[in-house]
Each structure stands twice: as C-alpha cells, then as structure tokens.
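Trainee: First the structure, then my questions, so here it is.
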Amino acid sequence: MPGRVVDYAAMTSLPGLFFDQAQALRGAPFLLAKRARDNTPLKTFAAWSWDEVAAAVTALANGLAAIGIHPGDRVVLVSENRPEWCIADLAVMTAGAITVPAYTTNTANDHLHILNDCQASAVIVSTGKLARQVLHAATQMSHPPQVVLIDPTDLHQNPGLVLHRWADLMALGEGKPAPAPLHSLKRGDTACIIYTSGTGGAPKGVELSHGAIITNSEGPYRVLKDLGVGQEVFLSFLPLSHAYEHTAGQFFPMSLGAQIYYAEGLEALGTNLQEARPTIMTAVPRLYEVLRQKILRGVQAQGGLKEKLFLRTVSIGMKRQCTPASLTLTDHLLDPLLTLLVRRKVAGRFGGRLKAFVSGGAPLNADVGHFFTALGVRILQGYGQTEASPVISVNVPASVKMDTVGLPLYGVSVKLAEDGEICVRGETVMKGYWNNPEATAAVIDADGWLHTGDIGTIDSLGRLKITDRKKDIIVNSGGDNVSPQRVEGFLTLEPEIAQAMVYGDRRPHLVALIVPDPDFIQTFLSRNGLEPMPQETLIARADFRAAISEAVSRVNRDLSNIEKVRKFVLAPAAFTTDNGMLTPTLKIRRHVIRQHYATALDALYE
C-alpha cells in the first residue's frame, strides 16, 4: 500500500495529524519492533497497524485523563525507542497535556531537575531499570508526580508514590472516544518541552509548538520530493528524546504515512538495516563514522582483488566529487563496472532501497560524506538545533556540497548578523525556554529572530556553511550537547586538580587536559619521599597519573554517560594570562589551549 502525505497546512496539531493518517491508512503497518515469537528466544519484527496504534493512543489518553492529567499538564517520558514511546507521546498530547521527553541515560539528579523545573504531573517510564532512577528522583520532590510503568517491574515495595500500570490505564480508557481536548488543540499550543544543556550547565526546557514540528516536517518532505515519495520506510536509531529523532524520525515519517522500524541498538544495526530495508534513515555523524570504519575493516580483512576494487571505487568516486577534471579515460571506463561489482554490494548492506542517509545533530566530517557518496550512498548533511524544532537547513539532492549544511528549509528564514551569527525566524522557532523569560530574551530578539550562537557564511547558491561556534557548547559526534564548564567545574573542585579544559567537539566522547594542583604536587612528593622535580617529569610518572585518575573517576561517578571524561592528558604548565591561555577575568581561552595542545588531545582518540 502506498504512503500518504498529509495536507500540512490543514493540520492543527500533531495528534490531529496522526489521527488523520490513521483514518486513511487503517490496517496498513505503521510501527514495527522486535518481539519474541511462539515462546522462543527468536525475535522478529512485528507490526502495529495504524488502527491498532490509534486505538492504543485513544485508550491511554483517556486513561491519563481519568487519573487527573489535565490540558497543559507536563508528563515526562523516559523510555528506549519502541512503539510505546510513540503511543505515549501521542496520548499525552491527545489528552491536551505536554510531553517532556527525557534521556534514558539521565542520572537521578538529571531527572530531579527536569521533574522539578517542568512541575511534572506524571512520568511514564518503560523498564524496571529505568524506573529505579526515576523513582529515586520522584521521592525527593515535595509534590511527586504520578508514575506510569510500561513494563512489569521487580519493585518489591512502593516507595510512597502513586503508581499505575500501563495495562491498567489502557483498560481504564478502552472503548471510549478520544478526549475532548484533542479537538481544541491549535498549532500555537505547546506540544512538548525538550531539555537541552545551556552554557551554565543547567538544562533548559525548549518549548515547541505543534505548528513548529508540523512545519519542520513539511520542509524535509519538500526536499524528499526530488527523490520521489512512495511507501517510505524509516529505521529509528537515535533516541526519541533527542529533538532531531523526535521530529525527523517520528513525526516526519508519520506525515508521509511511512513505516517506522525501531532498531535494536548499534550492535544489531547491520542486521536491522537488512531486515527493515529503509528508504530514508536519519542519524548523527557518529553512526556514519562507525559504519565507515566497519566497512573499511571488512574490506581490509578480505584483502586481495576485492580490496583493490573497493579502494579504486572510492578513489574514482572521490575524484568525481572533488576534482572531476582529474578523471582519466580508464576511470570513466572502469566506473560502471565498479558500480556493478562494488557499489551494488554496498547498497545491499543497507537494505538495497536506501534513497538517502540524512546527517544532523552535529557537524559531519566532509571526508565521511565523500566516502559514502563515492560508494553510491547518498548522504545529505543538515543543520539545526533544538530551539528550531530542530532542522534549519539541509543539502538538497540536486545541490550537495559536503562542507556546507545546505539550503534553509521551507518555512525557515535565515539571515546573518553583523558578526556573522546565523539567525533564524519562522513558525519552527521555539516559543521560548520553559519558565525562563530571561534566557529566552537572550536568544530571541524583539523581531522574533532566534540567535543560534553559530557563526557562518552563505554561498552564492544560498547554502549555509558553519565556520565557528559563538556559544561554548560541545556537540559530540552523537549529536549530544554537553556544557564543558559544568564538567570542568566538577573537575576543578577536586583537590588534585587546579585547572581543566574538556574537549570533544565532533568526537565520540569527552577527554580532558588537566593541570595538577600545586599544593597536591607538594603533598604527593612528600608522601612518596620524592625530591622536587620538573612538572614535565612528574606528570610522566605512572603513580602520579594514577592519583589524578582517581580524582577524575570520583567526578565521573556523578556525571551522565555523555559527560564522563574517558581519558585525560596532563599539562606541564598552568594556564596563565602570560601564556595567553587565561583571560584577565581568569576564563580559559579554549581556542588558544586547543591550538597549543592539539596533538596531545587528538592522540587520546587513537
């Protein structure tokens, strides 16, 4: 059955968009996830039809209303990617409430901040493992939210909270029409609050309207039309708590009447790609980096003629993109044969019907993009941020330039400020930071322009290029935002550490450059009966590094996974104003430090 594209302009809410599709597509498959079969360990993809999802959404929305969830209430959602995530998200909105997605990697303290900040009325959590962190946070609140447990848990005693089972809420709301708030939702109403890290470290809630996400789904559709729109299939891999996946991996495919498969995780991704055979896949650069490494390792292991043909394919493909004039007659003659022998096999690894990979959430290394394009796999790099719902621009199939982030989407206006800062305006811009008018006013001016904090240029064809970051946030290659000041603040509280700079932009994890505390150095020397020695000599000692490592480990225990410092290097000298690594107000000059220690920092990723 072919897909169906909604009339975006006529849609007044996200659940309205969903029910419009469900009424038309009925028994067609919509959400697909691995399920155990016939009481055996074997799991296969099983489908929920549009009708089945609609019935579940309606039942849960009525169940939530029955336990006292009112329009405008905030409901936190903590779950891995699965059909119940989509059902819960839609049900909360159908009840007129506001979804607050939270990462499954959040610590109890992270959950506590979000629950308190948004004044949550309820929290929906999937597994017993995730519930423990949520319950620990909820019990510390003066007015704890009700808790809805999707899966049965091994909880032996109620910690003093109002608990509900998912199945009970479904039964409570089954057979009833959708609650009244569904029919009064408007495009300007708040659909969700997505928390993102700020420069001060405390996550801020980005308030996104229904219309913002609807418009941000129409933009990619207009790009996809160039490739032909039919029965689209998506493989959902990024966390749905991420604004990118929430829009591009859930509501965008929903608006196309597409099927959404839920990946089992990175280790099973290769298998899932061949099972789902997606036509579109959205992910962050880190995934493409991993896939590239796996492909290269596999080719190297095969060796011989296969390796030679593969490398020749990449070489000719690179020339075609970057220096077409350098293609020889032999290259032109050989290329069609390499498409049959190499590119077709690569396409098969991704399911055989992939129209495009879309990269966003963090900057894509141009070499990675050129690599896949050389192998016949289209990769379109985009750009955005949570505050813009989130996609701002993307390379269109007819005009791909890997070192740019493409053209602004439909419905998005872009201009450059006098200092080159990229500013965005349109329905996709957030309503503001939840309950934080000061922070909102700092990024949205009186004319409605969102100041992104990124510096860029616009080429003659209107394509954006990001050249620098005005705001001091690390975006790792997984697309996660990390406040370096927050992590550095914790590190420098340890007695062993005087100064620290966290590093990891566009990288898979954080590392740090650490300056040992002078007092600790004296203590260490005395305790170990050592004579004074140059700091450069001291930091090379294994026992001294081990002492600093203990301090880093203490800090890591209280940090989320994306904030943990995986490796570090010790600096032979302090950051000072004299060497240009500190400002007069004693703030570290990151660009100076990075330039000076680039080799040592990059070596931590080898």
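Bear in mind that the values in this text are calculations on the coordinates, not laboratory data. A quick note: this is a predicted structure, and the numbers were derived from the prediction, not measured. For neighbour counting, all protein chains shown are included, and Cβ atoms are generated from backbone atoms with ideal geometry for every residue, glycine included.
Trainee: So for each of 503-509, 89-95 I average, over its residues, the number of other beta carbons within 10 Å; can you give me the resulting order with the highest mean first?
Mentor: Ranking, from highest mean packing down: 89-95, 503-509.
Trainee: Could you give the C-alpha radius of gyration of the range 242-326 expressed as a fraction of 2.2 N^0.38 Å, taking N as the number of residues it contains?
Mentor: Working: Rg = 16.8 Å, N = 85, 2.2 N^0.38 = 11.9 Å.
Against the empirical 2.2 N^0.38 Å value, I get 1.41 for the range 242-326.
Trainee: What length, rounded to one decimal in nm, is gained on full extension from C322 through to R469, with 0.36 nm per residue of separation minus their alpha-carbon distance?
Mentor: On the way: separation 147, 0.36 × 147 = 52.92 nm, distance 2.64 nm.
Length gained between C322 and R469: 50.3 nm.
Trainee: Continuing with the same structure: What list do you get for C86, C118 if you sort them by fewest beta carbons within 10 Å?
Mentor: Listing C86, C118 from fewest to most nearby Cβ atoms yields C118, C86.
Trainee: Given the DSSP H assignment, sum -39500 (n - 2.57) over each helix run of at least 4 residues in the chain and divide by its residue total; what's the result at 222 nm in deg cm²/dmol, nearest 500?
Mentor: Helices in the chain give a 222 nm mean residue ellipticity of -11000 deg cm²/dmol.
Trainee: Using alpha carbon coordinates only, what is the Rg to Rh ratio of the range 184-288, with Rh defined as the Kirkwood radius?
Mentor: My calculation puts Rg/Rh at 1.01.
Trainee: Between H183 and L329, 0.36 nm times their residue separation minus their Cα-Cα distance comes to what?
Mentor: Details: separation 146, 0.36 × 146 = 52.56 nm, distance 6.44 nm.
Stretched fully, the H183-L329 segment lengthens by 46.1 nm.
Trainee: Work out how far the C-alpha atoms of the range 483-603 reach from end to end along every principal axis, then list the three figures in whole Å, largest first.
Mentor: The Cα atoms of the range 483-603 stretch 42, 34, 27 Å along the principal axes, largest first.
Trainee: When the scattering of the range 365-499 is computed by the Debye formula from its Cα atoms alone, each counted once and equally, what is log10 I(q)/I(0) at q = 0.14, 0.19, 0.20, 0.22 Å⁻¹?
Mentor: Those come out to -0.74, -1.14, -1.22, -1.37, one per q.
Trainee: At A366 and N436, where each label point lies 7 Å from the Cα along Cα→Cβ, what is the point-to-point distance in nanometres?
Mentor: With each label point 7 Å from Cα toward Cβ, the separation is 3.4 nm.
Trainee: Give the residues of the range 412-436 whose amide nitrogen is closer than 14 Å to a point set 7 Å from the Cα of D445 in the direction of its Cβ.
Mentor: 414-426
Trainee: Work out the FRET efficiency for A542 and Q595 from their Cβ-Cβ distance, taking R0 = 25 Å, and round it to the nearest 0.05.
Mentor: 0.30
Trainee: Tell me, I497, I87 in order of fewest to most beta-carbon neighbours within 10 Å?
Mentor: I497, I87
Trainee: Just to be sure I understand the model, the point goes 7 Å from the Cα along the line to the Cβ. What's the resulting S549 to T492 distance in nm?
Mentor: Between S549 and T492, the simple spin-label model gives 2.6 nm.
Trainee: Obtain the radius of gyration and the Kirkwood radius of the chain from its C-alpha atoms and give Rg over Rh.
Mentor: On the way: Rg = 25.6 Å, Rh = 26.0 Å.
Across the chain, the Cα-based Rg/Rh ratio is 0.98.
Trainee: Further, regarding this structure: Given 0.36 nm per residue, what is the gain on full extension from I67 to E418 after removing their alpha carbon distance, in nm?
Mentor: Answer, rounded to one decimal: 121.1 nm.
Trainee: Continuing with the same structure: In square nanometres, what is the average projected area of the Cα convex hull of the range 131-221?
Mentor: So the mean shadow area of the Cα hull is 9.9 nm².
Trainee: For the range 259-382, what is the convex hull (Cα atoms) projected area averaged across all directions, in square nanometres?
Mentor: 7.9
Trainee: Moving on. Hey, fewest Cβ within 10 Å first, where do T282, T386, T12 land in order?
Mentor: Placing the least packed residue first, the sequence is T12, T386, T282.
Trainee: To continue, here is another question. When the label point is put 7 Å from the Cα of T105 along its Cα-to-beta-carbon vector, which residues of the range 560-582 have a backbone N closer than 18 Å?
Mentor: 560-568
Trainee: Ok, one more. Based on the alpha carbons, how large is the Rg to Rh ratio for the range 285-472 when Rh follows Kirkwood? List each step's numbers first, then the result.
Mentor: On the way: Rg = 20.0 Å, Rh = 18.5 Å.
Reported Rg/Rh, Kirkwood definition of Rh: 1.08.
Trainee: Here's another thing I want to ask about it. Give me log10 I(q)/I(0) at q = 0.13, 0.19 Å⁻¹ for the range 13-134, Debye formula, one equal scatterer per alpha-carbon, no solvent.
Mentor: Taken in order of the listed q values, log10 I(q)/I(0) reads -0.58, -1.07.
Trainee: Also: I need to check one value: relative contact order of the chain, counting alpha carbon pairs closer than 8 Å and at least 6 residues apart, in percent.
Mentor: 11
Trainee: Semi-axes of the equivalent ellipsoid for the range 459-499, please: Cα gyration tensor eigenvalues, times 5, square-rooted, ordered largest first, whole Å. Provide the component values of the computation, followed by the final result.
Mentor: Values: eigenvalues 230, 23, 8 Å².
Output for the range 459-499: semi-axes of 34, 11, 6 Å.
Trainee: Treat each spin label as a single point 7 Å out from the Cα along the C-beta direction, and report the R222 to S526 distance in nm.
Mentor: 7.0
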